Amino acid sequence: MVLGLVAALVLWTLDVPVGVAILLGTTVPWLALAGWPILITRLRGNGARIDLGLQLTWRDTGWGLAAGIGALIISGLAALGMQALIPDLTSAAAEAAEELEAESGRAAIVAFALLVMVGAPVVEEIFFRGLFFSALRKRGVNAFFTIVITAVVFAGFHLEPARFLVLLPTGLVLGWVRWRTGSTGAAMLAHGVVNAPGAIALLVGMPDVSP
């Protein structure tokens, strides 16, 4: 979050184009979110594969795809429920996508779609279901509470109160598949499935569909 604020201030000061500002503002915080877990497990641990569960077998792939479809259905139902209460419910990613659509070229839109579908799942899962999940388990927190705690923090991390109850079930499913397989790779794949419809909608010119 600190890196994100610093990046925002620098980009605002330099008055860079909107597309560059959105792409850099999205990716700069990832240096800490994913970079720190990988670095610290190399310096003080057993490496990312063991400490963060960074692996993906064919079995993990199957579980990841199934969990992603399940999370997509559950979060979709939650979104429909929330939309009944908040008709103009949207997401920060959708708002950024609309701004890109209005002011930037096709290359920026494609890059943002890839960040949504691939970058965000990889980075966020390295931290939430990798470092955070493993740290809680190492300190004796049982599987149920580990899944719940990481899901709550994951949902809150997005700083979108209106979408908290949409993000929470997704976080629970991602935590469950991480526990079920022992693989953060499976959680990444599931997360990518959840984000894919929004990214595809962006590519086909529907930025108002929330990723």
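Before moving on, here are some points about what is shown:
- For region 136-211, trypsin sites (Lys or Arg not before Pro) are listed when DSSP marks them as loop and at most 16 other Cβ atoms sit within 10 Å of their Cβ; the list is Arg139.
- Euclidean distance of C-alpha centroids, region 143-211 and region 41-60, integer Å: 20 Å
- Viscosity 0.890 mPa s, 25 °C: Kirkwood-radius Stokes-Einstein D of region 1-76 over Cα pairs, µm²/s: 159 µm²/s
- When every Cα-Cα distance of region 53-203 is counted in 5 angstrom steps from zero, the calculated P(r) takes the values 2, 10, 18, 22, 20, 14, 9, 4, 1, 0 percent.
- Using R0 = 41 Å, the C-beta based FRET efficiency linking Lys138 and Leu159 works out to 0.90.
- Order of Val194, Val10 under a 10 Å beta carbon neighbour criterion, fewest first: Val10, Val194
- Counting neighbouring beta carbons within 10 Å and listing from fewest to most, the residues Thr41, Thr90 come out as Thr90, Thr41.
- With the simple model of a label 7 Å out from the Cα in the direction of the Cβ, Ala107 to Ala84 spans 4.6 nm.
- Summarised as an ellipsoid, region 111-190 has semi-axes of 20, 15, 10 Å, derived from the eigenvalues of the Cα gyration tensor scaled by 5 and square-rooted, with the largest first.
Quick note: the coordinates plus some simple rules give every number you see, no bench work behind them. Keep in mind the model is a prediction, meaning the values are calculated, not measured. Heads up, the Cβs are rebuilt from the backbone with ideal geometry, glycines too, and the neighbour counts pull from every protein chain shown.
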